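Here the structure is laid out as structure tokens; the discussion comes afterwards.
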Amino acid sequence: MGHPSLITIENLRFERDDTTVVSCDQLHLDVGEILQVEGPNGSGKTTLLRLLTTALQPSEGTILYCGKSIAQCRLEYLSDILFIGHQSAVKLMLTAEENLLWMATSELSSTAVLDALEALGLAGYSDIPCYKLSAGQQRRVALARLLVSDARLWYLDEPFTALDRDGVKLLEWCMSDHVSSGGAVVVATHQDLDVQGVRHYPVLGETLLRACP
Amino acid sequence: MRKQASNSFYAYLRRDLLLSYRRLGEAASPLIFFVMASTLVPLGMTPDLASLAKIAPGIIWVLALLATMLSVGGLFAGDYQDGSLEQLLISPQILVMPVLGKVTAHWLITGLPLTLVSPLLGLMLSMPEAGYLPMMASLALGTACLSLLGAVGAALTVSLHKGGMLLALIVMPLYMPVIIFGGATVQYGIDGLIWTAPLAILGAMLAAAIALCPLAIASVLRLTSIN
């Protein structure tokens with residue numbers, strides 16, 4: 001037996017209204033890996049990510065974090081993950097800087113926040129309320145969290161939405177930099193990633209299996 | 001350095017106050033409702049001072065209750081819609097402190113201003129002077145109870161798109177003891193009785209609500225997110 005994987009999924013199932021939304025028999029995620037969750041709309045990508053973040057409880061099966069069940073080491077696990085979902089949790093009435101300071105799990109210096117915003121091309125926008133920013137810029141504010149967080153595991157749900165070409169490149173660079181420095185990424189997207197060593201994981205919920213026999 | 005539990009209380013308190021400050025018009029609407037509705041009472045019922053004085057304590061308390069209930073529904077709605085609530089649920093901390101911070105912010109934005117302008121309403125409804133202090137004391141404690149209890153209802157209905165009516169049905173029965181003892185405090189004050197007795201019961205209710213409601217809200221929020 002080698003070192004336990006960062007994340008191990010065993011016989012994970014999630015049911016809603018007697019339909020299996022997510023079914024995942026075996027899945028390992030190691031440090032340095034980017035896992036791309038793929039599948040058509042409604043196939044359960046978001047549900048799988050939400051199961052991984054503990055926002056949803058699985059109907060069956062377990063998720064292991066470094067060999068321990070995440071229910072047992074919940075706080076330790078939660079402080080090692082960063083989730084950016086469809087809804088970016090950016091407060092429109094707050095400025096970009098306030099949003100970042102607010103969302104960070106650890107104490108941040110103002111310069112760290114400004115550096116992160118600058119890295120994402122938001123220099124000069126840090127003191128403008130986010131409702132005045134474009135959709136892509138709001139997405140960049142949410143993604144700036146990646147740079148100020150010390151979490152090892154990133155869960156990104158459709159992170160490329162509304163981003164322009166440079167933004168996509170930037171995010172791909174962030175992901176490869178993160179995995180090369182000892183992190184791991186699970187990303188749900190339809191986009192082809194231009195990053196080395198992406199592993200693909202197709203999901204296909206039973207809903208769809210039934211719909212197209 | 002990781003944030004401490006007390007920090008998350010202040011962080012949420014500060015953020016919610018800042019958010020209301022940025023949307024002052026929306027934040028002030030319970031107060032405006034409170035004042036406007038009370039000016040309608042003499043117009044709709046009777047301008048006779050003696051009859052107004054009789055119903056003033058009840059009217060003020062009913063309006064304070066409705067103003068709180070109208071605003072409490074939105075307590076978690078914004079966070080639910082933009083995903084902050086989900087981030088809160090998966091953050092490595094105890095939920096109770098942020099929840100208490102949010103409710104405290106709600107009271108500072110609605111309950112406290114209602115308490116502070118209530119003497120103006122007393123004046124408009126020609127309430128006897130002896131009732132002013134009991135009214136402010138009972139409103140200060142009572143609106144805090146209303147915010148806490150209302151937040152339980154808001155948490156229960158947060159995932160429903162039109163939860164307003166259901167919220168009222170859930171919260172109304174919980175509000176009844178508060179309004180009974182709140183109204184009694186003012187009436188006792190006017191009648192020259194010992195008004196601190198019903199006030200003490202309101203205080204006991206608030207103490208129980210502070211201890212229990214955040215726990216209820218936290219577990220309800222966890223439940224609503226599961227589906």
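The values are calculated or read from the model by the stated rules, or taken from the named source; none is laboratory data. Model, not experiment: these values are computed from the prediction. Positions of Cβ are backbone-derived with ideal geometry, glycine not excepted, and every protein chain shown enters the neighbour counts. All accessible areas refer to the heavy atoms of the entire protein, side chains included, with ligands and DNA or RNA removed. Shrake-Rupley method; radii C 1.70, N 1.55, O 1.52, S 1.80 Å.
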### Task
Residues that are open to solvent by 20 Å² or more (accessible area, probe 1.4 Å): find the strands (runs of 3 or more DSSP E) completely inside region A:1-50 holding 3 or more of those.
A:7-16, A:19-29
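Hey, among the residues in region A:81-93 that are touching a Leu at 6+ places or on another chain (Cβ under 8 Å) and either acidic (Asp, Glu) or at the interface with chain B (Cβ under 7 Å from one of its Cβ atoms) (or both), which one's surrounded by the fewest Cβ atoms within 10 Å (Cβ to Cβ)? Explain how you work it out, then say what you get.
As a first pass, look at region A:81-93 and keep what is touching a Leu at 6+ places or on another chain (Cβ under 8 Å): A:81-85, A:91, A:93.
Filter again for either acidic (Asp, Glu) or at the interface with chain B (Cβ under 7 Å from one of its Cβ atoms) (or both), leaving A:83, A:85, A:91, A:93.
Working: A:Phe83: 25, A:Gly85: 22, A:Lys91: 23, A:Met93: 17.
So, considering only residues that are touching a Leu at 6+ places or on another chain (Cβ under 8 Å) and either acidic (Asp, Glu) or at the interface with chain B (Cβ under 7 Å from one of its Cβ atoms) (or both), the one surrounded by the fewest Cβ atoms within 10 Å (Cβ to Cβ) is A:Met93.
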### Task
Mind listing just one residue for me: the one in region B:69-85 that is open to solvent by 40 Å² or more (accessible area, probe 1.4 Å) and over 16 Å from B:Leu146 (Cβ atoms) and, of those, nearest to the chain's Cα centre (by Cα)?
B:Tyr80
### Message
Suppose the filter is among the polar types (S, T, N, Q) and touching a Pro at 6+ places or on another chain (Cβ under 9 Å); does B:Ser8 pass it?
### Response
yes
### Task
State all residues of region B:18-47 that are away from every other protein chain (no Cβ under 14 Å) and part of a loop (DSSP other than H, G, I, E, B); if no residue qualifies, say none.
B:Ala28, B:Met45, B:Thr46, B:Pro47
### Query
Which one of A:Ser134, A:Ser149, A:Ser110 is more than 29 Å from A:Leu193 (Cβ to Cβ), open to solvent by 10 Å² or more (accessible area, probe 1.4 Å) and either out of contact with any Gly (no Cβ under 6 Å at 6 or more places or on another chain) or not hydroxyl-bearing (Ser, Thr, Tyr) (or both)?
A:Ser110
### Query
What are the residue pairs meeting all of these: first residue in region B:109-121, first residue without any contact (Cβ under 8 Å) to a residue 60 or more places away in the chain, second residue among the hydroxyl-bearing types (Ser, Thr, Tyr), Cβ atoms under 8 Å, and 6 or more apart or on different chains?
B:Gly111/B:Thr68; B:Gly111/B:Thr143; B:Gly111/B:Ser147; B:Leu112/B:Thr143; B:Thr115/B:Thr143; B:Pro119/B:Tyr132
### Selection count where residues are open to solvent by less than 30 Å² (accessible area, probe 1.4 Å) and at positive phi, scope region A:159-200
1
### Query
Consider B:Leu100 against the criteria (1) open to solvent by 30 Å² or more (accessible area, probe 1.4 Å); (2) of a type in the set (A, V, I, L, M); (3) over 15 Å from the mean Cα position of the chain (by Cα): it satisfies all of them except one. Which criterion is unmet?
(3)
### Message
B:Gly111 - would you say it is touching a Phe, Trp or Tyr at 6+ places or on another chain (Cβ under 6 Å) and in a helix (DSSP H, G or I)?
### Response
no
### Query
Looking only at region A:172-197, which residues are polar (S, T, N, Q) and under 22 Å from A:Ala162 (Cβ atoms)?
A:Ser176, A:Thr189, A:Gln191
### Query
Looking at B:Ser38, is it among the polar types (S, T, N, Q), out of contact with any Phe, Trp or Tyr (no Cβ under 7 Å at 6 or more places or on another chain) and within 22 Å of B:Gly182 (Cβ to Cβ)?
yes
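Okay, residues lined up against (1) at pLDDT 90 or above; (2) assigned by TED's automatic domain parsing to the domain that holds A:Val37; (3) closer than 20 Å to A:Met175 by Cα; (4) within 17 Å of the chain's Cα centre (by Cα):
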residue: A:Leu100; (1), (2), (3), (4): no, no, yes, yes
residue: A:Glu107; (1), (2), (3), (4): no, no, no, no
residue: A:Ala123; (1), (2), (3), (4): no, no, no, no
residue: A:Ile128; (1), (2), (3), (4): yes, no, no, no
residue: A:Leu133; (1), (2), (3), (4): yes, no, no, no
residue: A:Leu146; (1), (2), (3), (4): yes, no, yes, yes
residue: A:Asp157; (1), (2), (3), (4): yes, yes, yes, yes
residue: A:Phe160; (1), (2), (3), (4): yes, yes, yes, yes
### Summary
For region B:75-94, pairs from a residue that is facing chain A (nearest Cβ under 7 Å) to a residue that is surrounded by fewer than 21 Cβ atoms within 10 Å (Cβ to Cβ) and β-branched (Val, Ile, Thr), with Cβ under 6 Å and 6 or more apart or across chains, are B:Ile90/A:Thr54
## Note on the structure
By residue number, the members of region A:27-80 that are within 11 Å of chain B (Cβ to nearest Cβ), basic (Lys, Arg) and within 13 Å of the chain's Cα centre (by Cα) are A:Arg50
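For (1) open to solvent by 20 Å² or more (accessible area, probe 1.4 Å); (2) closer than 24 Å to B:Leu206 by Cα; (3) not β-branched (Val, Ile, Thr), each residue gets a yes or a no:
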{"site": "B:Phe9", "(1), (2), (3)": "yes, yes, yes"}
{"site": "B:Tyr21", "(1), (2), (3)": "yes, no, yes"}
{"site": "B:Ala67", "(1), (2), (3)": "no, yes, yes"}
{"site": "B:Ile90", "(1), (2), (3)": "no, no, no"}
{"site": "B:Thr104", "(1), (2), (3)": "yes, yes, no"}
## Note on the structure
Pairing a residue in region A:41-61 that is over 19 Å from A:Tyr77 (Cβ atoms) with any residue that is in a helix (DSSP H, G or I), where Cβ atoms lie under 8 Å and the two sit 6 or more apart in sequence or on different chains, gives A:Gly42/A:Thr207; A:Gly42/A:Leu208; A:Ser43/A:Thr207; A:Ser43/A:Leu208; A:Gly44/A:Thr207
### Message
Would you confirm, using the coordinates I've provided, whether B:Ser138 is hydroxyl-bearing (Ser, Thr, Tyr) and either modelled with pLDDT of 95 or more or in a helix (DSSP H, G or I) (or both)?
### Response
yes
### Task
Starting from region B:172-199, keep only residues that are of a type in the set (Gly, Ala, Ser), then list their pairs with residues that are outside any helix (DSSP H, G or I) and open to solvent by 20 Å² or more (accessible area, probe 1.4 Å) whose Cβ atoms are within a distance under 6 Å, requiring at least 6 positions of separation or different chains.
B:Gly189/B:Trp195
### Task
Report whether or not B:Leu206 is more than 20 Å from B:Pro119 (Cα to Cα), open to solvent by less than 20 Å² (accessible area, probe 1.4 Å) and either in a helix (DSSP H, G or I) or modelled with pLDDT of 95 or more (or both).
no
